[in-house]
Amino acid sequence: MGIISRGFHGRRQDGPPDRVPPGQYLTDDFPVLSAGPTPHTPLEEWTFDIRGGSEPVRWTWDELQALPSEEITKDIHCVTKWSKLDTVWQGVSVDTLLDAVEHDAGYAIAFCDGGYTTNLPIEDLTGGKAWVAYGYDGEPLEPEHGGPARLLVPHLYFWKSAKWVRGLALRDDDEPGFWEQNGYHLRGDPWLEQRYWGD
Amino acid sequence: MSDPRVLDGNAVGGLLHDVFGAEVTAVPCTCGSCGARGEIARLVVYVDCPGVVVRCPACTQVLITIVRVHEHACVDLSGVGRLEL
Amino acid sequence: MKTLELDVDWDGHRAGQHLDVRLTAEDGYQAQRSYSIASAPGERPAITIERLDDGEVSPYLVDELREGDVFEVRGPIGGYFVWDGDEPEPVLLVAGGSGVVPLAAMARHWKRVGSSAPMRLLYSARSWDEVIYRDELEHLGIGVTYTLTREQPERWQGYARRIDDELLSEVAFPASEGPRVYVCGSTHFVDAAADGLVRLGYDPASIRTERFGATG
């Protein structure tokens, strides 16, 4: 705890405690967080792959668009402490994608244009909890927010919702991704405040 | 909506001072991927993310990652080829 | 814009350095910002803050802070983007908006030490109203050239556009004089100015840059 500055409050808003996890503040805007340059893969070259099952499976952009999709309204929580309520997305459930693959993996690593990775237990990717999202707020997902498509796993801290996602590598072990190798929690449940290793 | 800030090594001079215990913005750093060499102040730094990510200005590979974990810092230098401290 | 003089217990700073300010609220919430030191070495560290309406820190520092208030400061920071005054080469300072702050410290230092190195400041701002330290910069004895990119006062005779190769060639020292350059401003501004100077024949190693990001 630093030296307290009289009269300083910061700009945070608190929100309803049943919707805002511990240590989080509400925001009205949608901060763009980036650890690197925004990739720009042309849609004709874009693919989504699932590897590590009995056979690799791939969808092109058009094939992904042809899959059943849904509108998803969820609260999102970034480990940098901002939360945004009722965000509206359009995308394909990861259940739909994993149904096309024969596998018995317990974990997956999402891999992305630009080299970003993040790991998740299969349980956190299934049962209607995760999507490959290509629309936000009624519009195509913008590149700085992860477009053309990002992973969306809103029940975990938002670093798990990997931008510019290009696929999932299924695994038997929980191999840490980029932030998880650098001090962040392997799972990242905001309601348990699992921000860092050992939390 | 504000754009994420892409800055340079000057912007994290204070943080790096805490990490290395010395002023390092003028320290030459060689990229472990492409061999490009330049002062830490010339490196490309992303600060709007759950940590600080420092990349090579020539090839964009990640050189250094710093995350403040509670009372300490997790510092990954694996992308750096050499630092001439 | 407001300039604050800080009482710190460090030994002094170098022209071009910055400091980090950390504010802590009663509930432990913290916010941190970096500010270039506007004053010359030998003077108390002063920072100039641009108040952004939707900012988190600048409205506090500009509106709320009273004499005697305390906050944490870390610094002085920087060992690359500094000018100590004993270098003999001509010095070209290129400022984009608030990037003028550390360059003004260098110009003030130039005057204080009575340097004989020729020094020029090329200062790009959106309008005349946004030019800071106006009177002071013009009385230091360095060459000052403004370019006002968005609007200009009536009867403005100076440059009225973003920095380009032609403007640089008219204002910058010839590359053959081996000048040292300090460019400070937004990433976009810095990249454009540095690239332009390299096209004029400047050695990239002679161009030192500091990129500012917008924060409140």
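Computed from the coordinates by the stated procedures, all read-outs in this text should not be read as laboratory data. These numbers come from a predicted model, not from an experiment. Note: ideal-geometry Cβ built from the backbone for every residue, glycine included; neighbour counts use all protein chains shown.
For the residues of A:177-186, the average number of beta carbons from a partner chain within 10 Å of their own beta carbon is 5. Shielding by partners for peptide A:29-40, expressed as the average number of C-beta atoms from other protein chains within 10 Å of each residue's C-beta, is 5. Packing around the peptides A:186-195, A:39-48, C:75-84, taken as the average count of other Cβ atoms within 10 Å per residue, puts them in this order, highest first: C:75-84, A:186-195, A:39-48. Gain on full extension, evaluated as 0.36 nm per residue between residue C:136 and residue C:89 minus their Cα-Cα distance, stands at 14.6 nm.
Across peptide C:17-28, the average count of Cβ atoms from other chains found within 10 Å of a residue's Cβ is 5.
The count of lysine pairs in chain A whose Cα atoms are under 15 Å apart, excluding pairs fewer than 8 places apart on the same chain, comes to 5.
Whole-Hz Karplus values for the range C:111-124 come out as 5, 4, 8, x, 5, 9, 6, x, 9, 10, 10, 10, 10, 9 Hz, taken residue by residue from phi with 6.51 cos²θ - 1.76 cosθ + 1.60 and θ = phi - 60°; glycine and proline positions read x. If you plug the beta carbon distance of residue C:191 and residue C:160 into 1/(1 + (r/R0)^6) with R0 = 25 Å, you get a FRET efficiency near 0.70.
Annotation: the antiparallel percentage among DSSP beta bridges lying fully within chain A is about 85. Between the helical axis of C:187-199 and the longest alpha-carbon principal axis of chain C there is an angle of about 20 degrees.
Classified by the C-alpha gyration tensor, chain A has a prolate form. Its axis ratio a/c, with a ≥ b ≥ c, is 1.5 or above, and a/b is larger than b/c. Ranked by the mean number of other Cβ atoms within 10 Å per residue, highest first, peptides C:12-23, A:78-89 order as C:12-23, A:78-89. In order along the range C:144-155, phi translates into HN-Hα couplings of 10, 10, 9, 10, 9, 8, 10, 9, 10, x, 4, 6 Hz, rounded to whole numbers, per the Karplus curve 6.51 cos²θ - 1.76 cosθ + 1.60 with θ = phi - 60° and x for Gly and Pro. Within a straight-line Cα-Cα reach of under 27 Å, residue C:2 can be paired with the following lysines, leaving aside sequence neighbours fewer than 8 residues apart in one chain: C:111.
For the protein assembly as shown, the cysteines with no partner cysteine C-beta closer than 4.7 Å are A:78, A:112, B:29, B:49, B:74, C:184. Note on residue C:152/residue A:3: beta-carbon distance plugged into 1/(1 + (r/R0)^6) with R0 of 35 Å gives a FRET efficiency of 0.20. In this structure, the amide hydrogen of residue A:165, modeled 1.01 Å from its nitrogen in the peptide plane, lies closer than 5 angstrom to those of A:149, A:150, A:151, counting only residues at least 5 positions away or on a different chain. If both residues of a DSSP beta bridge must be in chain C, then about 40% of such bridges are antiparallel. Considering only beta bridges that DSSP places wholly inside the protein assembly as shown, some 70 percent are antiparallel. The peptide list A:121-130, C:153-162, put in order of mean Cβ contacts within 10 Å with the highest first, becomes A:121-130, C:153-162. When A:153, B:44 are arranged by Cβ crowding within 10 Å, least crowded first, meaning fewest neighbours, the order is B:44, A:153. 3J(HN,Hα) along the range C:57-64: 9, 4, x, 5, 5, 7, 8, 9 Hz, from the Karplus curve 6.51 cos²θ - 1.76 cosθ + 1.60 with θ = phi - 60°, whole Hz, x for Gly and Pro.
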